[in-house]
Amino acid sequence: MVISQKLLNPGERIVVSTRTHPKALLVPLLALVVLLAAAVAFQVLVDNSTARLVVWAIALVGILWFVLWPALDWMMASYTITNRRLITRHGIITRKGHDIPLSRISDVAYELGLIDRMLGCGTLVISDASTHGQVLLPDIPRVEDTQRRLNELLHELHGGAANLEEGH
């Protein structure tokens with residue numbers, strides 16, 4: 001999900017724009033299957049039309065709560081790295097955002113579990129010079145590439161490219 005160009009400062013360009021890996025939708029998908037299966041089973045087993053209607057109403061509320069809301073939350077969240085800052089945005093009704101200037105980032109690491117390695121995602125761990133200490137970006141697709149690109153930006157920001165060209 002690319003953020004709006006209106007949110008970028010003059011001369012700022014997007015380097016990485018992503019959201020969490022679609023694996024975040026596996027639990028809502030499982031909830032959808034379970035809710036529909038339970039409602040259909042109840043409809044087949046119970047002959048009372050009022051009870052059927054109540055069960056389908058409960059299933060609908062469950063689908064809205066456990067399936068639609070997490071899917072919307074996933075769609076509305078984004079992580080963007082520009083040549084100047086890290087931008088995070090999330091929230092459906094109340095939008096929340098956090099911007100960290102690249103100059104304040106002191107370390108970039110990643111964590112990969114077994115399932116993360118199989119699915120090609122992981123957690124990006126960004127340490128900054130603020131009171132928060134660390135920002136965790138969970139389930140980032142191709143996390144190793146993202147970490148490498150962010151480290152390259154930090155290297156350029158701190159004059160690493162100029163030092164290499166001068167032979168230092």
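The values are calculated or read from the model by the stated rules, or taken from the named source; none is laboratory data. The model shown is predicted, which means the values in this text are computed figures rather than measured ones. A quick note on method: Cβ atoms are made from the backbone with ideal geometry, for glycine too, and the neighbour counts reach across all protein chains shown. When the accessible area is computed, the model is the full protein with side chains, heavy atoms only, and any ligands, DNA or RNA have been set aside. Shrake-Rupley method; radii C 1.70, N 1.55, O 1.52, S 1.80 Å.
Can you tell me how many residues in region 8-61 are part of a loop (DSSP other than H, G, I, E, B) and touching a Pro at 6+ places or on another chain (Cβ under 7 Å)? First the steps, then the outcome.
Going residue by residue through region 8-61, those that are part of a loop (DSSP other than H, G, I, E, B) are 8-13, 19-21, 46-48.
When the remaining residues are screened for being touching a Pro at 6+ places or on another chain (Cβ under 7 Å), the result is 20-21.
Going through region 8-61 one residue at a time, the tally reaches 2.
On the stretch given as region 95-116, residues that are in contact with a helix residue (DSSP H, G or I) (Cβ under 8 Å, 6 or more places away or on another chain) and among the hydroxyl-bearing types (S, T, Y) total 2. Quick check on my filter: what residues within region 82-108 are more than 20 Å from H155 (Cβ to Cβ) and open to solvent by 40 Å² or more (accessible area, probe 1.4 Å)? Answer for region 82-108, where residues must be more than 20 Å from H155 (Cβ to Cβ) and open to solvent by 40 Å² or more (accessible area, probe 1.4 Å): R89, H90, I92, I93, T94, R95, K96, G97, H98, D99.
Of all residues in region 1-38, those that are surrounded by 11 or more Cβ atoms within 10 Å (Cβ to Cβ) and more than 30 Å from V55 (Cα to Cα) total 13.
If we scan region 10-17, do we find a residue that is under 19 Å from L102 (Cα atoms) and of a type in the set (S, T, N, Q)? Lay out the reasoning, then the answer.
Restricting attention to region 10-17, the residues satisfying the condition of being under 19 Å from L102 (Cα atoms) are 10-17.
Now narrow it down to the ones that are of a type in the set (S, T, N, Q): 17.
For region 10-17, residues under 19 Å from L102 (Cα atoms) and of a type in the set (S, T, N, Q): present.
Please pick out the residue among I87, I140, I105 that is over 22 Å from K23 (Cβ atoms) and under 13 Å from the mean Cα position of the chain (by Cα). Answer to the selection: I87. The test for being crowded, with 16+ Cβ neighbours inside 10 Å and of a type in the set (S, T, N, Q) does not hold for T50.
When L45 is tested against (1) under 30 Å from G120 (Cα atoms); (2) open to solvent by 80 Å² or more (accessible area, probe 1.4 Å); (3) modelled with pLDDT under 95, just one condition goes unmet, and that condition is (1).
The set of residues in region 109-133 being more than 17 Å from S17 (Cβ to Cβ), among the β-branched types (V, I, T) and open to solvent by less than 80 Å² (accessible area, probe 1.4 Å) consists of T123, V125.
Which strands (runs of 3 or more DSSP E) sit wholly inside region 64-158 and have at least 1 residues that are farther than 26 Å from L32 by Cβ and among the polar types (S, T, N, Q)?
78-82, 85-90, 105-111, 121-128, 134-141
Scanning region 13-22 for residues that are among the hydroxyl-bearing types (S, T, Y), more than 17 Å from the chain's Cα centre (by Cα) and at pLDDT below 95 turns up nothing.
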